[in-house]
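**Q** Here you go, one structure.
The values are calculated or read from the model by the stated rules, or taken from the named source; none is laboratory data. Quantities reported herein were computed from a predicted structural model and do not represent experimental measurements. Here Cβ is always computed from backbone atoms with ideal geometry, including for glycine, and neighbour counts include all displayed protein chains.
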Amino acid sequence: MMDIRSQKLFSEFGLKQLLTEVAVGPKKINISQAMAIAIYEAYGGAQRVSPNPLVGCVVLDSHGNFLSKGHHEVYGSAHAEINALKKLDREKLQDATVVVTLEPCAHVGKTGSCALYIKDLPVKRVVYGLVDPFHLVSGKGAQIIKGAGKEAILYSEFKDSSEGKLTPMMSAKEKEFISSQLEILAENFLKNFRYSKPFVALKWAQSLDGKMALKNYESQWITNAQSRNYAHYLRSVYDVLIVGAGTVHQDNPKLNIRLEGFDLERKLLIIDPDATVFKSYDRLAFSKYHKKENVFFVVDTNSSETSIAFNLTVNPPGSFKNVLFLHKNEAGFFPLEEIHKFCFERGMKSILVEGGPTTLSQYLNQAAFDRVYAFVAPVIMGDGLSYSDQFSISSMTQRLNLRSVEKLEIGDDVLFTGLKNI
Ligand SMILES: NC(=O)c1ccc[n+]([C@@H]2O[C@H](COP(=O)([O-])OP(=O)(O)OC[C@H]3O[C@@H](n4cnc5c(N)ncnc54)[C@H](OP(=O)(O)O)[C@@H]3O)[C@@H](O)[C@H]2O)c1
């Protein structure tokens, strides 16, 4: 399944044709094309590498011909560079160029150090897309490679090869585009390391007139079966799924991942102020599809219902390790950053919020998100419920803008995604 975040890269860089050409014979490509393939390749790990970053790698021979590609496939397994390089004999690597989306790692973690591995190969240079934000690695991987007499060059600083063996042909526009694609590829990882916060994506299905349910709460189904399948893909690429209590009560959803060949379970967090979902746990469908240790609740500290549900006069709140007892803000809602902090501290580094309208409105009001996925179906639902019903602004200067927007046609539906403009 194509990750929508790579849609523009795929079409604007002519990757369909390029990938066919490199697969059939010697093909000389420039550094931007190699980086584009490496980025596209990296998305192949989207369902399995978290909390590690998505990384892709392409190897070119001394003349700039494509030799191989690889990506980080599964958390804890070989890194992209190793997967691309291990396929090649040493002779082929004489004066080769390694193009990789992230600076090769310097430290020995679950696997060996990629920088040390490359240092011992006869390659001439490494062009890397981003400096690793991880303090144990940052700049050190490049240093190891340079220390072995090889070139280690940040993609944005790459200039034409002095020997003319490579044909970089990068226009400033291409370079800017690839640089933004590199940031998008590593968006979860960069947010985690730059801000010690999880990356948060909102997802909803809407009609053409912006509705996600009728007033009587009927909402199934707005989008087509392929879109709903894609929504399961999204669930598989984020560490935790967040929903509000209203959705659980109205729809009694399973909230699991139903994708052929995908066997992992993600965590689930329910915003459940009065513990109404918690109290009905065993009667609700989701409880059959999630291990208890993977389900988390956020409840209102001041609610008498909550106090009764957890028998707080006997059990201290701290004894429920999967429950966040939280105070509401002045507007009567939970401060979402507190929920995100709770998730981050428990290893949930990326979040997908599926709504419904009350939950999503709060995310918009608090601007507590990084990315939006909106599935838009060609139907009109009239005066139903919208994700922005309770998001109120009085001036166009307060509107939320999206940037780096991508569109994917899914049958007659359109999936839009974009990053919150900050
Ligand atoms: N089209 C779609 O993509 C989509 C997706 C999901 C759901 N839906 C539809 O949405 C409808 C349900 O709407 P809904 O608004 O009731 O659902 P909801 O957002 O799932 O749940 C609302 C409840 O969650 C709690 N809540 C959420 N965020 C909170 C916050 N920041 N602070 C405090 N409490 C918070 C509140 O609980 P309390 O009331 O206990 O205070 C609130 O009433 C259903 O018809 C469902 O089918 C549609």
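**Q** Of all residues in the stretch 279-308 being in contact (Cβ under 8 Å) with a residue 24 or more places away in the chain and in contact with a Ser or Thr (Cβ under 8 Å, 6 or more places away or on another chain), which is nearest to Pro253 (Cα to Cα)?
**A** Checking each candidate, the answer is Val295.
**Q** Which is of a type in the set (Gly, Ala, Ser), within 10 Å of the ligand (Cβ to nearest atom) and farther than 22 Å from Leu202 by Cβ, of Ser303, Ser280?
**A** Of the residues listed, the single one that is of a type in the set (Gly, Ala, Ser), within 10 Å of the ligand (Cβ to nearest atom) and farther than 22 Å from Leu202 by Cβ is Ser303.
**Q** Could you run through the stretch 224-265 and say how many residues are among the β-branched types (Val, Ile, Thr), under 23 Å from the mean Cα position of the chain (by Cα) and within 8 Å of the ligand (Cβ to nearest atom)?
**A** Adding up the residues that qualify gives 1.
**Q** Right, here's the next one. Which one of Ala231, Ala152, Ala201 is in a helix (DSSP H, G or I) and either assigned by TED's automatic domain parsing to the domain that holds Ile29 or hydrophobic (A, V, I, L, M, F, W, C) (or both)?
**A** The unique qualifying residue is Ala231.
**Q** Still on this structure, please answer the following. Do we find a residue being free of Cβ contacts under 8 Å to residues at least 24 places away in the same chain, of a type in the set (Ser, Thr, Tyr) and more than 18 Å from Gly246 (Cα to Cα) anywhere in the stretch 314-329?
**A** The answer is yes; a qualifying residue exists.
**Q** On to the next question. Considering each of Glu163, Glu218 in turn, give the residue that is at pLDDT below 95, within 16 Å of the ligand (Cβ to nearest atom) and not in a helix (DSSP H, G or I).
**A** Glu218
**Q** Can you find a residue that is within 27 Å of Asn52 (Cα to Cα), assigned by TED's automatic domain parsing to the domain that holds Asn294, in contact (Cβ under 8 Å) with a residue 24 or more places away in the chain and near the ligand (Cβ under 9 Å from one of its atoms) anywhere in the stretch 204-211?
**A** The answer is yes, given that some residue of the stretch 204-211 is within 27 Å of Asn52 (Cα to Cα), assigned by TED's automatic domain parsing to the domain that holds Asn294, in contact (Cβ under 8 Å) with a residue 24 or more places away in the chain and near the ligand (Cβ under 9 Å from one of its atoms).
**Q** So, in the stretch 83-118, exactly how many residues are in a helix (DSSP H, G or I) and either surrounded by fewer than 19 Cβ atoms within 10 Å (Cβ to Cβ) or of a type in the set (Ser, Thr, Tyr) (or both)?
**A** 4
**Q** Anything in the stretch 311-357 that is under 28 Å from Val49 (Cα atoms), charged (D, E, K, R) and within 12 Å of the ligand (Cβ to nearest atom)? List them, or say none.
**A** Scanning the stretch 311-357 gives Glu337, Glu338, Glu354.
**Q** Among the residues in the stretch 240-247, are any over 26 Å from Gly44 (Cβ atoms), out of contact with any Phe, Trp or Tyr (no Cβ under 6 Å at 6 or more places or on another chain) and part of a loop (DSSP other than H, G, I, E, B)?
**A** The answer is no; no qualifying residue exists.
**Q** Has the stretch 328-349 got any residue that is under 25 Å from Ala201 (Cβ atoms), part of a strand (DSSP E or B) and of a type outside the set (Asp, Glu)?
**A** Checking the stretch 328-349: not a single residue is under 25 Å from Ala201 (Cβ atoms), part of a strand (DSSP E or B) and of a type outside the set (Asp, Glu).
**Q** Kindly establish whether Ser394 is under 24 Å from the mean Cα position of the chain (by Cα) and either farther than 24 Å from Phe189 by Cα or of a type in the set (A, V, I, L, M) (or both).
**A** No, not satisfied.
**Q** Now, a different point. Return the pairs, sorted by first residue and then second, in which the second residue is aromatic (Phe, Trp, Tyr) and modelled with pLDDT under 95, the first residue lies in the stretch 358-379 and is within 10 Å of the ligand (Cβ to nearest atom), the beta carbons are less than 7 Å apart, and the residues are 6+ apart or on different chains.
**A** Hits for this filter: Ser361/Phe391; Asn365/Phe391.
**Q** In this structure, does Leu269 turn out to be crowded, with 21+ Cβ neighbours inside 10 Å and within 21 Å of Phe333 (Cα to Cα)?
**A** In short, yes.
**Q** Now for a different question. Being in a loop (DSSP other than H, G, I, E, B), more than 17 Å from Gln220 (Cβ to Cβ) and not charged (D, E, K, R) is the requirement here; does Ala374 meet it?
**A** In short, no.
**Q** Then there's this: Looking only at the stretch 45-70, filter to residues that are part of a loop (DSSP other than H, G, I, E, B) and hydrophobic (A, V, I, L, M, F, W, C); which one of those is farthest from the chain's Cα centre (by Cα)?
**A** Applying the filter and picking the extreme gives Val55.
**Q** Select, from Lys92, Lys150, Lys119, Lys146, the only residue that is of a type in the set (D, E, K, R) and touching a helix residue (DSSP H, G or I) at 6+ places or on another chain (Cβ under 6 Å).
**A** Testing whether each residue is of a type in the set (D, E, K, R) and touching a helix residue (DSSP H, G or I) at 6+ places or on another chain (Cβ under 6 Å) leaves just Lys119.
**Q** Test Ile31 against the criterion of being at negative phi and crowded, with 24+ Cβ neighbours inside 10 Å, and give yes or no.
**A** The answer is yes for Ile31.
**Q** Which residues, taken from the stretch 350-394, are in contact with a strand residue (DSSP E or B) (Cβ under 7 Å, 6 or more places away or on another chain) and charged (D, E, K, R)?
**A** Hits for the stretch 350-394 are Glu354, Asp370, Arg371.
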